[in-house]
Amino acid sequence: AEEAPDGVVARFADGTWATADILIGADGIRSTVRTLIDPLAPAPEYAGILSFGGYAPADCGVEAEPGMMHFAFGRTFMGHWQAADGRLIWFAGLPADTPLTQAEVARTPSAEWLQRLRELYAGHVTGERMLRHADPADLMAVGPMERMPSVPHWHRGRMVLLGDSVHAPSSSSGQGASLALESAVELARCLRDLPSYGAAFAAYEALRRPRVELIGGNAAAVNEVKAGKKAAPAFPSPEEM
């Protein structure tokens, strides 16, 4: 990216280019714009978990209420919900000390990953039943769970970061997409209401940083539970509530 008094030019790897008043880096957790703003910006942080998903038949012995998502914490974690066709969609994590890329995960046969998941979730009330009926052909190997640590610089000159490029909280938060949408609206409001892009970028960061870092920190704590590094919290029984 090259800045000028009246705008910014973005030059792409294929030789094309584009000009605009500002450059918004909404280019994901492996953001290029983040490194243009700050070459020393942190990289995504591995959470110690490989993520998987799949299907189980409606008669696998696990209940699901339509429109509800169910979560089960314990020694391991698993979630599921009911699809429109009655099948259950499940998602689970496999603790792994060594981070693997999605391509590296894909090189291991699905049947092998499924067997490892079945061993891990043996005795898990819902997980054992769903995984017993899961088909390796339907296994979705999502890859490593990651999050962005605190990014020191959200903007520089005419460039600013948005969404996962600056505050990816990991899927444990359940709020990655909603946080990105909130930030997009807030950035638009600041650009509309403030006299310069510099003032708008500063106000946008001040308004958004506390919220996204709180949610990202909470997600990091949940990741430690899912990775087996910390015990799950003790939830009160119905009688205690």
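Kindly indicate whether any position in the stretch 214-232 is acidic (Asp, Glu), over 18 Å from TYR46 (Cα atoms) and in contact with a strand residue (DSSP E or B) (Cβ under 9 Å, 6 or more places away or on another chain). There is no residue in the stretch 214-232 that is acidic (Asp, Glu), over 18 Å from TYR46 (Cα atoms) and in contact with a strand residue (DSSP E or B) (Cβ under 9 Å, 6 or more places away or on another chain). Tell me, which residue of the stretch 141-175 that is modelled with pLDDT under 95 and in a strand (DSSP E or B) is most open to solvent (accessible area, probe 1.4 Å)? Applying the filter and picking the extreme gives VAL142. Anything in the stretch 35-47 that is closer than 17 Å to ALA168 by Cα and open to solvent by 30 Å² or more (accessible area, probe 1.4 Å)? List them, or say none. Selection gives THR35, PRO42, ALA43, PRO44, GLU45, TYR46. Taken together, the criteria exclude ARG129 from residues that are open to solvent by 60 Å² or more (accessible area, probe 1.4 Å), outside any loop (DSSP other than H, G, I, E, B) and free of Cβ contacts under 8 Å to residues at least 60 places away in the same chain.
Which residues, counting only those in the stretch 90-118, are under 29 Å from ALA58 (Cβ atoms) and basic (Lys, Arg)? The answer is ARG116, ARG118. Residue count for the stretch 16-34 satisfying the condition of being open to solvent by 60 Å² or more (accessible area, probe 1.4 Å) and farther than 18 Å from GLU205 by Cβ: 6. Annotation note: Cβ proximity below 8 Å between a residue of the stretch 78-102 that is touching a residue at least 12 places away in the same chain (Cβ under 8 Å) and a residue that is surrounded by fewer than 16 Cβ atoms within 10 Å (Cβ to Cβ) and charged (D, E, K, R) (sequence gap 6+ or interchain) occurs for GLN82/GLU65; LEU94/ARG116. Residues being closer than 20 Å to GLU224 by Cα, more than 21 Å from the chain's Cα centre (by Cα), open to solvent by 60 Å² or more (accessible area, probe 1.4 Å) and not aliphatic (A, V, I, L, M) are represented in the stretch 100-118 by at least one member. Which residue is nearest to the chain's Cα centre (by Cα), if the candidates are limited to the stretch 128-149 and must be aliphatic (A, V, I, L, M) and under 19 Å from THR98 (Cβ atoms)? Within the stretch 128-149, the match that is nearest to the chain's Cα centre (by Cα) is MET145. Here the condition is being open to solvent by less than 50 Å² (accessible area, probe 1.4 Å), touching a Pro at 6+ places or on another chain (Cβ under 9 Å) and within 30 Å of VAL151 (Cα to Cα); of LEU88, LEU50, it holds for LEU50 alone.
The set of residues in the stretch 176-198 that are open to solvent by less than 60 Å² (accessible area, probe 1.4 Å) and either out of contact with any Asp or Glu (no Cβ under 7 Å at 6 or more places or on another chain) or not in a helix (DSSP H, G or I) (or both) comprises SER178, LEU179, SER183, ALA184, GLU186, LEU187, ALA188, CYS190, SER196, GLY198.
The values are calculated or read from the model by the stated rules, or taken from the named source; none is laboratory data. Just so it is clear, the model here is predicted, and its values are computed rather than measured. Counting neighbours? That spans all protein chains shown, and the Cβs are built from the backbone with ideal geometry, glycine included. With ligands, DNA and RNA removed, areas are computed over all heavy atoms of the protein, side chains included. Shrake-Rupley method; radii C 1.70, N 1.55, O 1.52, S 1.80 Å.
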